[in-house]
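Structure first, then comments.
The values are calculated or read from the model by the stated rules, or taken from the named source; none is laboratory data. Computed from a predicted structure; not experimentally measured. FYI the Cβ positions are ideal-geometry reconstructions off the backbone, even for glycines, and counts take in every protein chain you see. Accessible surface areas use protein heavy atoms only, side chains included; no ligands, DNA or RNA. Shrake-Rupley method; radii C 1.70, N 1.55, O 1.52, S 1.80 Å.
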Number of protein chains: 2
Amino acid sequence: MSIRIGILGYGNLGRGVECAVRQNPDMELKAVFTRRDPQNVEILTDSARVCGISRVKEWRDRIDVLILCGGSATDLPQQTPEYAKMFHVVDSFDTHARIPEHFANVDASAKEAGKVAVISAGWDPGMFSLNRMYASAILPEGRDYTFWGRGVSQGHSDAIRRVLGVKDGKQYTIPVESALEAVRNGENPELTARQKHTRECFVVLEDGADAAKVEEEIRTMPDYFSDYDTTVHFISQEELKRDHSEIPHGGFVLRSGVTGWEKEHSHLIEYSLKLDSNPEFTSSIIAAYARAAYRLAMEGQSGCKTVFDIAPAYLSPKSGEELRKTML
Amino acid sequence: MSIRIGILGYGNLGRGVECAVRQNPDMELKAVFTRRDPQNVEILTDSARVCGISRVKEWRDRIDVLILCGGSATDLPQQTPEYAKMFHVVDSFDTHARIPEHFANVDASAKEAGKVAVISAGWDPGMFSLNRMYASAILPEGRDYTFWGRGVSQGHSDAIRRVLGVKDGKQYTIPVESALEAVRNGENPELTARQKHTRECFVVLEDGADAAKVEEEIRTMPDYFSDYDTTVHFISQEELKRDHSEIPHGGFVLRSGVTGWEKEHSHLIEYSLKLDSNPEFTSSIIAAYARAAYRLAMEGQSGCKTVFDIAPAYLSPKSGEELRKTML
């Protein structure tokens, strides 16, 4: 009777989904598919199998929703359309600029196969998008602001680690408190990248590397750091491991807008997240949308959906009656 | 081509809807229906008519969505089922305990007539409910907290004004900052009514009234004040008018929850509103749900819906394609 889940890709996100499935009594993890040798992949769920990725199609009748936990750069653009031919799927594709193209590809596959595919289920894109959309529909005359952090940016951490002389490193994106306050005060500020976020780097040097040179190279790196006030701290590998092993994140979506015949009243809508583990929180959202995908499929729907297209009630294990009674 | 709107009931909420319709270029206000003598009701929209409530049915073919702006105590339980027989309707019914019953009555009428009826569209119930529901679906193991204020409670202001010796008065509900902070810190506190909110009253006395007696009567009033720390300020009618004529409100919905195999990671989801005008903000939500009701009706749907049942995209004037491109 439970929703049978498969996970494709067993990194931080895949492990997060495994944990999330365990917290949802109406779901059951059946199998994890990996590109690695299954013999070498240890999962947490005793009752689930670990299989090579080539065996996915054998599970067509034993899995209801396949959750795709690959990367957005190269994995998902290929995997989501491919597996939407065999399964109802959910991904957390997060390359904002390429969403329209990804949607079109996935929609074509899923429609042809009569499957439901939910893409970009996470917190940004995902919950942040939902909040931007609800707020702009409610307050048509207003301004949106999104701030990220304090949290680890994987892309910026990778960029640091590519600098010559850097052994390891981690980057935190930090919202500028005074900018947030200006938005909350209804000042509708125009904010540059530099005015919205600062960047803080914790760097482990290679033996004999020139700290001043590394710092200069990081701070002036185009796209990643040159448009921001960036602080670089040099620490030991032990300190990095001890103090910076977690993957926290979060952020703020705000909309400030006006109402009234003469636009005389101001309003502020704010949504914020403070997350100990970015991948586990993302996974928890994915699990809720896996439930939605399953239910939409049971109703005979098909095609690609985003958070905008799915009525909130589909995410909850409670019935409409229970929701109205306890949560409305 | 625009959505033709009617408003039934022209108090603060009705006027708010009139203003909201003006901010939405795809909507047009056609008529306001009132129980008062239409001759004595001045509205703001030149192009709209003011009619007596008995004439509503003559507008069946000239209005797409009728917005019901009466009170939840006695108006809406009767009006929403009645007018759902003739129009697609939206109300902001806010008596939480009676929502299941109201839903059932409205659903029966609307289904029989093939109309769409959206009930309880506002911010609580409404946006706060949505946020409670999304957050609990994402973090199944966690705790919800709702705080209201700082804002004017109409019910408590009315209660003050019924006290002997009180000429006029206004009550503000204020969240306790330290309780909010404890929730934000993930302490998952058990909070009594007194620990969550304080109440602040601004009271104008009748000539010769006994201030100490009035204060005592307010502070010990069961249901309304006795369970709270209540402050009573005596001010003049002029001061009340000058400083307390507006109807601000707001509040906070928080969910604190855990993820991870050993529940080792904590997360906080927070949604908050800071509103200069409670009725105008509620009206803005209603307008967005009027758009949703119209679109659902165009798709051939019928019956009673709440915010839980309506996919977010229906609220926005943007197409699915535009939304994915600009907001996801």
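Assigning unit charges at the beta carbon (Lys, Arg +1; Asp, Glu -1) and nothing else, what dipole magnitude in debye, to the nearest 20, does the protein assembly as shown show about its Cα centre?
1980
Relative to the present Cα-Cα distance, how much length would full extension add between A:Met298 and A:Glu141 at 0.36 nm per residue of separation? Spell out each step's value before the answer.
Values: separation 157, 0.36 × 157 = 56.52 nm, distance 3.90 nm.
Length gained between A:Met298 and A:Glu141: 52.6 nm.
Would you calculate a helix-derived [θ] at 222 nm for chain B, using -39,500 (n - 2.57) for each DSSP H run of n ≥ 4 and dividing by the full residue count, to the nearest 500?
-10000 deg cm²/dmol
Tell me which GluC sites (Glu not before Pro) from segment B:189-229 have a DSSP coil assignment and no more than 10 other beta carbons within 10 Å of their own.
Sites meeting the loop and neighbour criteria: B:Glu190.
Using DSSP to define loop residues, name the GluC sites (Glu not before Pro) in segment B:1-55 whose beta-carbon has at most 12 other beta-carbon atoms within 10 Å.
On the way: sites: B:Glu18, B:Glu28, B:Glu42; in loops: B:Glu42.
Counting only loop positions with at most 12 other Cβ atoms within 10 Å, the GluC sites (Glu not before Pro) in segment B:1-55 are B:Glu42.
Which lysines, on any chain, are close to B:Lys196 with Cα under 24 Å apart, when same-chain ones fewer than 8 places away are left out?
The qualifying lysines are A:Lys274, A:Lys325, B:Lys170, B:Lys274.
Can you give the average number of partner chain beta-carbon atoms within 10 Å of each beta-carbon in peptide B:303-310, as a whole number?
5
In terms of the Cα gyration tensor, with a ≥ b ≥ c the square roots of its eigenvalues, is chain B rounded because a/c is under 1.5, prolate because a/b exceeds b/c, or oblate?
It comes out oblate by the Cα gyration axes.
For the protein assembly as shown, what % of the accessible area comes from carbon and sulfur atoms, probe 1.4 Å?
So the carbon and sulfur contribution to the accessible surface is 46 percent.
Going by a ≥ b ≥ c, the root eigenvalues of the Cα gyration tensor, does the protein assembly as shown fall in the rounded group (a/c under 1.5), the prolate group (a/b larger than b/c) or the oblate group?
Verdict is prolate for the protein assembly as shown.
Would you mind computing, in nm to one decimal, how far apart the modelled labels at A:Glu206 and B:Asp61 are, each placed 7 Å from Cα along Cα→Cβ?
8.2
Share of antiparallel DSSP beta bridges in the protein assembly as shown, in percent to the nearest 5?
55
Which trypsin sites (Lys or Arg not before Pro) does segment B:1-110 hold that lie in a coil by DSSP with at most 13 other beta carbons within 10 Å? Mind showing how you got there, number by number?
Values: sites: B:Arg4, B:Arg15, B:Arg22, B:Lys30, B:Arg35, B:Arg36, B:Arg49, B:Arg55, B:Lys57, B:Arg60, B:Arg62, B:Lys85, B:Arg98; in loops: B:Arg35, B:Arg36, B:Arg60, B:Arg62, B:Lys85.
Of the trypsin sites (Lys or Arg not before Pro), the ones in loops of segment B:1-110 whose Cβ has at most 13 other Cβ atoms within 10 Å are B:Arg36, B:Arg60, B:Arg62.
If the cut-off is 17 Å between C-alpha atoms, which lysines fall inside it for A:Lys111, apart from same-chain ones fewer than 8 positions away?
Result set, ordered by chain and number: A:Lys85, A:Lys305.
With r defined as the distance between the Cβ atoms of B:Glu112 and A:Glu82 and R0 fixed at 51 Å, what FRET efficiency is calculated, to the nearest 0.05?
Once the sixth-power term is evaluated, E becomes 0.65.
In terms of solvent-accessible area of protein heavy atoms at a 1.4 angstrom probe, what is the ranking of B:Lys318, A:Lys167, A:Lys115, B:Lys241, highest value first?
Ranking B:Lys318, A:Lys167, A:Lys115, B:Lys241 by accessible area, largest first, yields B:Lys241, A:Lys167, B:Lys318, A:Lys115.
Return the single residue from A:Asp168, A:Asp64, A:Asp46 with maximal mean-square fluctuation; model: Gaussian network over chain A, springs between Cα atoms under 10 Å.
A:Asp46
Rounded to two decimals, what ratio of Rg to Rh does segment A:167-224 give with C-alpha atoms and a Kirkwood Rh? Each step should come with its number before you reach the end.
Working: Rg = 15.5 Å, Rh = 13.5 Å.
Looking at segment A:167-224, the ratio lands at 1.15.
Report the accessible area of B:Leu205, computed with a 1.4 Å probe over the heavy atoms of all protein chains in place, in Å² rounded to the nearest 10.
My reading of the accessible area for B:Leu205 is about 40 Å².
First check a/c for segment A:53-188, with a ≥ b ≥ c the square roots of the eigenvalues of its C-alpha gyration tensor; if it is under 1.5, answer rounded, and if not, answer prolate when a/b is larger than b/c or oblate otherwise.
Since a/c reaches 1.5 but b/c is at least a/b, the shape of segment A:53-188 is classed as oblate.
Starting from the Cα gyration tensor of segment B:1-113, multiply each eigenvalue by 5, take the square root, and state the resulting semi-axes largest first in whole Å.
22, 15, 14
Ignoring ligands, DNA and RNA, how do B:Met133, B:Met1 rank by accessible area with a 1.4 Å probe, largest first?
Highest to lowest solvent-accessible surface, that is B:Met1, B:Met133.
Work out which helices of chain A, taken as complete DSSP H runs, extend at least 15 Å along their axis over the Cα atoms and score a mean Kyte-Doolittle of -1.0 or more, then list them.
Membrane-span-like by this rule: A:12-22, A:99-113, A:127-138, A:278-298.
Identify which of B:Val90, B:Val203, B:Val17 has the largest mean-square fluctuation in a Gaussian network model of chain B, with springs joining Cα atoms closer than 10 Å.
Maximum fluctuation in the GNM of chain B, among the listed residues, is at B:Val203.
Based on Cβ point charges of +1 for Lys and Arg and -1 for Asp and Glu, what charge dipole magnitude is obtained for segment B:207-328 about its Cα centre, in debye rounded to the nearest 20? Please report the intermediate quantities before stating the final value.
Details: 13 positive and 21 negative charges, 214 e Å.
Roughly 1020 debye for segment B:207-328.
Across peptide A:36-44, what mean number of C-beta atoms from other chains lies inside 10 Å of a residue's C-beta?
Mean partner shielding for this stretch: 0.
Per residue of A:123-136, what is the mean number of Cβ atoms on other protein chains within 10 angstrom of that residue's Cβ?
5
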